[in-house]
Amino acid sequence: MTTEFLTIDATAEALKLHPKTVLRFIREGRLRAARVGKQYRVLRSDLNAFAGASPSQATRTARVTCVVDIEAVDLALVQRLTSLLMGASQGPADSPIALNIAHDPARSSAKVIVMASPADAAMLLRFVDACLET
């Protein structure tokens, strides 16, 4: 392993800071440095630890919220739909799936709320459609 020492000016340039700011960081103990004669030297590894990892490209993610209102349903259909959707949402998924199902027996209606990635939401909506066709 090679140890590369940087001067205060080189460290300041790498951090895009003023050299006096780098010296202040050293005096405050925020940046490790070794004193060589009357000057400070900073190890490249200490500089990398201070600066942190380079920012990686953030991956784009999309989340979908779907609300499905179902009219004229009985308790048996709601139970079947609940079992089907809960089982499907427990399988392997790329991102977490949130699923809420509410049944209103007085109005004979149900409401299904799906919060998931677009692919997972589409899969669950296909299951809802298939369950309602039977």
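Values quoted throughout were computed directly from the atomic coordinates according to the rules given, and no laboratory measurement underlies them. These numbers were taken from a predicted model, which means no experiment stands behind them. Glycine gets a Cβ as well: all are built from the backbone with ideal geometry, and neighbour counts include every protein chain shown.
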- Query: Once phi is turned into ³J(HN,Hα) by the Karplus curve 6.51 cos²θ - 1.76 cosθ + 1.60 with θ = phi - 60°, what whole-Hz value does each residue of the range 59-68 show in order, with x for glycine and proline?
  - Reply: 7, 7, 10, 10, 10, 10, 10, 10, 10, 10
- Task: Convert each backbone phi in the range 3-12 into a coupling constant with the Karplus relation 6.51 cos²θ - 1.76 cosθ + 1.60 (shift: θ = phi - 60°), then list the ³J(HN,Hα) values in order as whole Hz, x for Gly and Pro.
- Result: 10, 9, 9, 10, 6, 4, 5, 5, 5, 4
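Considering only the other residues whose Cβ falls under 14 Å of the Cβ of residue 80, what net charge follows from Lys and Arg at +1 and Asp and Glu at -1?
Its environment carries a net charge of -3.
Counting Lys and Arg as +1 and Asp and Glu as -1, each charge on the Cβ, what is the dipole of the chain about the Cα centre in debye, to the nearest 20?
1340
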- Within the chain, helix-based [θ] at 222 nm, where runs of 4 or more DSSP H residues each add -39,500 (n - 2.57), nearest 500: -13000 deg cm²/dmol
- Item | Point-to-point label distance, residue 61-residue 9, nm (Cα→Cβ direction, 7 Å offset) | 4.6
